[in-house]
Each structure stands twice: as structure tokens, then as C-alpha cells.
Amino acid sequence: MKKNKKIMIIILLIIIILVVVGYVVYRILRGPSVNIKEKIEIKNYVESYLTKKYGEHKYKVTGIRYEYDMDTLFDYSNPTGYWVYFKSDIAPDSWITINGLNPNDYKVDSDHFIESYYFPDQDGYNTYKTMDSIEPKEELEAILLDELKTEFEPHVYEVKCDTILLNIPEDYGRIPTLEELKTNTNLYKVTEFDYKVSNTIEDTNEYNERLKTYIINKYNSNSNIHFNLENTLVSVFLKD
């Protein structure tokens, strides 16, 4: 009897140790908790943002954690924003990320509500592929080609969009239909694209400066620009 009691105590101690170790590991992996004041501010911001953008659907924040700029693994010294989980009456689970740690500086960096609403049963990769397949890529490329040709580079003859992001206005007030997502180019922004010119660009430094100025005036954005294929292919990467 004493032997059985001793075994039970040992098992109980092992369970307690495993629970404590598991919690410690969880805390290390997760990082510091968001304090109550920040949670309230984020909750109000996110629920207001979602309502203004997609209409009233009983949004409720279910979890908040910090996002970090990490120099090393488990470096939690530099939080840059938040990862926010939420639910609604039309999509069980979704999330957005926010840059900034002060309400005056908050800016939504990524918003996955549309994916959660239209494709709730798909995993991340399949959702990405599905969204990629419905983007009006050819229409966006045609618009870019026309704008570049008439406003900056008369020798451009081909444009390819490499990265296209949903860019639904924050005051849209409703969920875009699938047909709108397939056809309305105003719901998207292009952040990476290539274009080809029919002549070799001789002075790439001068061209680079002119193109950067054009992009700042056109998109209010900085950019990285690269020249390829004997300076007849220009790659443009827009930056926030």
C-alpha cells in the first residue's frame, strides 16, 4: 500500500514538473503578454476598423500578441506591433496584423478577413493560390502598361505584375462580392512589377533617379529598382 502511494506521489510530481516546464516553454516561445490597457486600445481599434471596412458583423477580438523585430531567436526586446485574432457572425476565425504600438500610429499591415470569409476550409497555401487565381492580373498589367507608356516611358512594351495585394478601401462599408474581387482593379495594389523596354537604357543611374521620382509622385511610395537583361528589363519593388 505504501509502495503504491509512493508511486502515485512520484507520478503526480512528474505531471506537475511537465506542466511547469511546458508552461515555461510556452511563455518563452510566445513572449511577453500584452497588457490590459493595450488590449482595450487594440480591441476598440480593430472592431471599429472592421466595421467601417466590411460592415456590421459582430466582430469580437479573441486574442492579441506582440509582433517583434528580432535580431536573434527569442529576442523580445523590440515589439513593433500586434497580431490580432478575431471572430464574427459570418466567419468563425480570422486575423490581422498591426504596425505601431500607439493608437495614433496604428496601421493595419495585413488583413485576412476576406480569405477567412470566402475560403474558411482552406489552409494557408491553398488560400493563397485561390486568391492569386482570382486577381484581375491581366487588367492590372494593362493599366500599368498604359500609365507607364503615357506618363514615363514611351519605349515600354510589356509589363508583368509579380506581387498583387488586396487593397480594399478602409471605408468600403461592405464585403466585396467574388465577382468584384475578380474584376474590380480598384480593390488591389501592385507592389512588385517588371517592365521591358525596346531600347537599352544607357545611363541607369539617371534613369533610376527619374523612375524613383515618378513612383514617389504617382504612388507616394519609395522603391527599389533593378536593371536586367542588358538593361532592357526593369524590376520595381514598391515600399511603404
- Calculated from backbone phi, Karplus (6.51, -1.76, 1.60) coupling profile of the stretch 160-165 in Hz, x at Gly/Pro: 10, 8, 8, 10, 10, 10
- Query: Stretched out fully, how many nm does the piece from Ser198 to Arg174 gain, at 0.36 nm a residue minus the Cα gap?
  - Reply: 4.3 nm
- Residue-wise HN-Hα coupling along the stretch 96-106, computed from phi with Karplus coefficients 6.51, -1.76, 1.60 (Hz; x: Gly, Pro): 9, 10, 10, 8, x, 10, 10, x, 6, 10, 4
- Message: Could you report the chain's accessible area per residue, 1.4 Å probe, as an integer in Å²?
- Response: 63 Å²
- Give me the number: length gained by fully extending Ser48 to Ile225, i.e. 0.36 nm times residue separation minus the C-alpha to C-alpha distance, one decimal in nm. 60.0 nm
- Query: At a Förster radius of 51 Å, what calculated FRET efficiency corresponds to the Cβ-Cβ distance of Glu56 and Tyr125, to the nearest 0.05?
  - Reply: 0.95
- Task: Show the residues, 5+ positions off or on another chain, whose built amide H is closer than 5 Å to the amide H of Asn167.
- Result: Tyr188, Lys189
- By how many nm would the segment from Asp132 to Asn205 grow when fully extended, if each residue of separation counts as 0.36 nm and the alpha-carbon distance is taken off? 22.9 nm
- Message: Report the Cα-based extents of the chain along its three principal axes, largest first, to the nearest Å.
- Response: 92, 41, 35
- Determine ³J(HN,Hα), in whole Hz, for all residues of the stretch 182-197 in sequence, where each value follows from phi through the Karplus function 6.51 cos²θ - 1.76 cosθ + 1.60 and θ = phi - 60°; x replaces Gly and Pro. 7, 10, 8, 5, 6, 8, 10, 9, 9, 10, 9, 8, 10, 9, 10, 10
- Message: Rg over Rh of the stretch 136-240, using C-alpha atoms and the Kirkwood radius, what does it come to?
- Response: 1.01
- So which DSSP H runs in the chain come out at 20 Å plus along the axis (Cα) with average Kyte-Doolittle of at least 1.6? 2-30
- Could you please state how large a percent of the accessible area of the chain is carbon and sulfur, counting protein chains only and using a 1.4 Å probe? 54 percent
- Query: Most mobile of Arg174, Arg210, Arg65 per a Gaussian network model of the chain (Cα springs, under 10 Å)?
  - Reply: Arg210
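The values are calculated or read from the model by the stated rules, or taken from the named source; none is laboratory data. Here the structure is a predicted model, which means the values were calculated and not measured. Every residue, glycine as well, gets a Cβ built from its backbone with ideal geometry; the counts of neighbours run over all protein chains shown. Heads up: the accessible areas ignore ligands, DNA and RNA and are worked out on the full protein's heavy atoms, side chains in. Shrake-Rupley method; radii C 1.70, N 1.55, O 1.52, S 1.80 Å.
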